[in-house]
Amino acid sequence: MRKKIAAANWKMNCTMQQAEDLLNNLSSANVNLSNDKISIIAVPFPYLLLAKQKLASKQNMFVAAQNCYTKRSGAFTGEISVEMLQSMNIPFVIIGHSERREYFNETNTMLADKVNIALEYNIQPIFCCGEALEIREAATQNSFVEKQLKDSLFHLSNEQILKVVIAYEPIWAIGTGKTATSQQAQEMHQHIRNVLAEKFGNDIANEISILYGGSVKGNNAVELFSQPDVDGGLVGGASLNAEEFSLIINAL
Ligand code: PEP
């Protein structure tokens, strides 16, 4: 059965001291993460080991990186390889967040390379997709997201796609306080699952967790996560407060 997932994306936030406080609060939070429910905390690179250490005793809570490079190693100043992440036992990496696509010009093709190298090193990609406001207004969001999936994921084998978590994040809802309605989220998640089913078959599509991202908060998570194809959330702003994020985990 596919997992329910509450994933945190801290983005480029927190000083060392703030990160330590937040991790301490998370590690003492009263959250229900049994068997089919997991939480993933994507912290900035400098805090990966600290996060692993602070959350080590927390069952079903994992640490993730927010990005990786397409190459194994070498003269790529400032980049982080999946080989490094693997050597630190980091099990997940966010790939293709809309901020990476927009500010760092990451293309679908480049993201396919990142997905490939992450899987090669046994790190599970949390692959982000989602449309900008003008695409939603033109009612072309379905074909837009479909192309993102096809270009970056459709070359994978059945075994590989089962390792991928998908996060649908409409750009107009990220950090704006403007959440997609649960109906809009469900419609797109169902579409994504159908697209996956056409390529990989129903059984596989039904095993893939599809998260919603875009202004998820403690007070809207229950409604969003109650939709049949919404398997949890990828959470930015609200993940910077352990109490608020705990409400989101417990909404799974
Ligand atoms: C995100 O960072 O992926 C995100 C969805 O941010 P926020 O929850 O702040 O909208």
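Of note:
- The chain, accessible surface, carbon-and-sulfur percent (1.4 angstrom probe): 48 percent
- Hits among aspartates and glutamates - C-alpha to C-alpha of LYS3 under 17 Å, sequence gap 8 or more where chains match: ASP36, GLU159, ASP203, GLU207, ASP229, ASP231
- For region 103-159: rounded, prolate or oblate by the Cα gyration tensor [a/c cutoff 1.5]: prolate
- When each of LYS11/LYS58; LYS58/LYS199; LYS71/LYS217; LYS114/LYS199; LYS52/LYS147; LYS54/LYS199 is checked by Cα-Cα distance, pairs over 32 Å: LYS58/LYS199; LYS71/LYS217; LYS52/LYS147; LYS54/LYS199
- Across all directions, the average projected area of the convex hull around the alpha carbons of region 164-226 is 4.4 nm².
- Working note: 222 nm ellipticity from helices only, DSSP H runs with n ≥ 4, each -39,500 (n - 2.57), summed and divided by the residues of the chain, gives -11500 deg cm²/dmol to the nearest 500.
- In a reduced charge model with +1 at each Lys and Arg Cβ and -1 at each Asp and Glu Cβ, the chain shows a dipole moment near 400 debye about its Cα centre.
- Surface exposure of the chain, expressed per residue as accessible area with a 1.4 Å probe, stands at 45 Å².
- Annotation: peptides 63-73, 172-182, ranked by per-residue average of other Cβ atoms within 10 Å with the highest first, follow the order 63-73, 172-182.
- In region 1-144, the convex hull through the Cα atoms has an average projected area of 10.4 nm², a quarter of its surface area.
- Stokes-Einstein D for the chain, Kirkwood Rh over Cα pairs, 25 °C, 0.890 mPa s (µm²/s): 136 µm²/s
The values are calculated or read from the model by the stated rules, or taken from the named source; none is laboratory data. Since the model is a prediction, treat every value here as computed from it, not as a measurement. With ideal geometry, Cβ positions are generated from the backbone for all residues, glycine too; neighbour counts draw on all protein chains shown. Heavy atoms of the whole protein, side chains included, go into the accessibility calculation; ligands, DNA and RNA do not. Shrake-Rupley method; radii C 1.70, N 1.55, O 1.52, S 1.80 Å.
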